[in-house]
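Nothing in this text is a laboratory measurement; each read-out follows from the coordinates by a stated rule. This is a predicted model, so every value here is computed, not measured. Cβ atoms come from the backbone with ideal geometry, glycine included; neighbour counts cover every protein chain shown.
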Amino acid sequence: MSTERTFAIIKPDAYKSGYTGRILARIEQEGFTIRAMRLTYLSKREAEGFYAVHRERPFFGGLTDFMSSGPCVVLALEAPDAIKKWRALMGATDPAKAEAGTLRKEFGASIGENATHGSDAPETAAFELGYFFRGMEL
Ligand code: ATP
Ligand code: MG
């Protein structure tokens with residue numbers, strides 16, 4: 001398990017509900033190092049670019065409307081095995097199916113508004129980190 005970086009978002013629903021502080025506390029408690037962090041507000045076009053892999057899916061319009069509906073917090077997280085470790089902490093995509101103690105169970109409202117995002121593989125982590133952060137910030 002070598003040290004790895006992943007990309008995370010505290011999505012607009014969680015930010016709006018005032019869960020940012022609690023999610024950041026969990027990130028630190030679970031042993032991630034925050035390498036970069038920024039409050040941002042995606043345009044529809046930026047959300048579409050970020051989720052381009054999902055453009056053929058029926059939920060693409062709703063997903064990109066939601067992701068551009070308000071501010072969110074974007075993060076570069078570092079830890080041993082960070083990609084898997086962060087997805088485990090987030091829990092299942094659908095909060096109703098997420099395990100107790102996961103962020104989506106605790107803070108997610110629905111499959112669409114599910115509090116957090118995490119890269120799913122090294123290639124997507126590299127793309128997503130590069131989409132939001134310049135090399136100098138990392
Ligand atoms: P994310 O990529 O946000 O970390 P994920 O990898 O668990 O989530 P994906 O399959 O990549 O899930 O879907 C991306 C996002 O699209 C989900 O987090 C969710 O917000 C939304 N989504 C996925 N499936 C559905 C669905 N059936 N209906 C509505 N929204 C969905
Ligand atoms: Mg995904």
Mean separation of Cα contacts under 8 Å (at least 6 apart) over the residue count of segment 75-138, i.e. the relative contact order in percent, is 27
Would you mind ranking S119, S2, S110 by Cβ crowding within 10 Å, fewest neighbours first? S2, S110, S119
What FRET efficiency comes out for the pair Y41/A100, r = Cβ-Cβ distance, R0 = 25 Å, nearest 0.05? 0.20
On each of the three principal axes of the Cα atoms of the chain, give max minus min coordinate, whole Å, ordered largest first. 37, 35, 25
Answer in debye to the nearest 20: the dipole magnitude of segment 53-112 about its Cα centre, from +1 Lys/Arg and -1 Asp/Glu charges placed on Cβ, is 120
Ranked from fewest to most other Cβ atoms within 10 Å of their own Cβ, V73, V53 fall in the order V53, V73
Kindly provide the helix-only [θ] at 222 nm of the chain, computed as the sum of -39,500 (n - 2.57) over DSSP H runs of four or more divided by all residues, to the nearest 500 deg cm²/dmol? -10500 deg cm²/dmol
Name all residues of segment 1-40 having a backbone nitrogen under 18 Å from the label point set 7 Å from the Cα of E123 along its Cα→Cβ direction, giving them as ranges. 5-7
May I ask you to sort I27, I111 by Cβ crowding, counting other Cβ atoms within 10 Å and putting the fewest first? I111, I27
Modelled FRET efficiency - R0 41 Å, S2 with D65, Cβ distances, 0.05 increments: 0.60
Wrap a convex hull around the Cα atoms of segment 1-72, take a quarter of its surface area, and give that in square nanometres. 5.9
With no solvent and one point on each alpha carbon, what is the Debye value of log10 I(q)/I(0) for segment 36-79 at q = 0.18 Å⁻¹? -0.55
Leading residue at positive end of dipole, the chain (Cβ point charges), from A88, A126, L103: L103
Under unit Cβ charges (Lys, Arg +1; Asp, Glu -1), what dipole magnitude, rounded to 20 debye, does the chain have relative to its Cα centre? 180
Taking segment 42-138, which GluC sites (Glu not before Pro) meet the DSSP loop condition and have no more than 14 other C-beta atoms within 10 Å? E56, E99
If only Cα atoms are counted, what is the Rg of segment 76-127, and what is its Dmax, in Å? 11.1, 30
